[in-house]
1. What length, rounded to one decimal in nm, is gained on full extension from residue 111 through to residue 125, with 0.36 nm per residue of separation minus their alpha-carbon distance?
2. Which FRET efficiency, nearest 0.05, do residue 138 and residue 60 yield, Cβ-Cβ r, R0 25 Å?
3. Positive end of the charge dipole of the chain (Lys, Arg +1 and Asp, Glu -1 on Cβ, about the Cα centre): tell me which of 111, 13, 65 has its Cα farthest that way.
4. Based on alpha-carbon atoms only, what is the radius of gyration of the chain relative to the globular estimate 2.2 N^0.38 Å?
5. Would you give the gap between the C-alpha center of the range 101-127 and the C-alpha center of the range 4-68, rounded to a whole Å?
6. If ligands, DNA and RNA are left out, what is the accessible area of residue 25 with a 1.4 Å probe, given in Å² to the nearest 10?
7. Counting only heavy atoms of protein chains, what accessible area per residue, in Å², does the chain have with a probe of 1.4 Å?
8. Expressed in nm to one decimal, what extension gain is obtained for the pair residue 87 and residue 15 from 0.36 nm per residue of sequence separation less their Cα-Cα distance?
Amino acid sequence: MKNHFELFGLTPAFALEAESLERSYREIQARIHPDRYAHAGDAERRASMQWTTRVNEAYSTLKSPVQRAKYLLEMNGVDVGFETNTQMPADFLLRQLELREALAGAKQPEALDELLAEVRREQRLREQGIAQLIDGSQDYAAAAGEVRKLMFLDKLAAEIDVAYERIE
């Protein structure tokens, strides 16, 4: 059974070219899509559905920076344990409190725009750090801590999206 990277013909790495992933995904989907097997036998249709499900799952995992990092850590024997290990550095937690207070106080779209831009900057910095830790130094334990931080930021970005809907 191929890993998600091999499935798409990619080298296992956190930093990957989104265009290569997209192109490979579309090529595979064109070959295995269930519509191509509409008139085939039951076994072929079932196999097509199974492959489609596997390809979609792999694509979804590799497309998301958090999921891709978690997958790479698991491939390298690091038990991410995000559900049980919620320990964070105090400065990071204080920063999260500041951002959440800013979100609570944001009543105008412009305030949310600024906050979202700030969160996106922090996400990019974390992603660059994760790439260095995973791809550069293979420091998977340190990368796991950075991935947990990125998860916090992703959750905050999603909450900002919900806040936009509330004020519109």
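1. 2.9 nm is the gain from fully extending residue 111 to residue 125.
2. Here the calculated transfer efficiency is 0.50.
3. 13
4. Compared with the compact-globule rule of thumb, the chain sits at 1.26.
5. For the range 101-127 versus the range 4-68, the Cα centre distance is 33 Å.
6. Taking all protein chains as shown, residue 25 has close to 40 Å².
7. About 60 Å² of surface per residue is accessible.
8. Taking residue 87 through residue 15 to full extension adds about 23.3 nm, to one decimal.
The values are calculated or read from the model by the stated rules, or taken from the named source; none is laboratory data. Remember, it's a predicted structure, so these values are computed and weren't measured experimentally. Note: ideal-geometry Cβ built from the backbone for every residue, glycine included; neighbour counts use all protein chains shown. Each accessible area value is taken on the protein alone, full model and side chains, heavy atoms only, with ligands, DNA and RNA left out. Shrake-Rupley method; radii C 1.70, N 1.55, O 1.52, S 1.80 Å.
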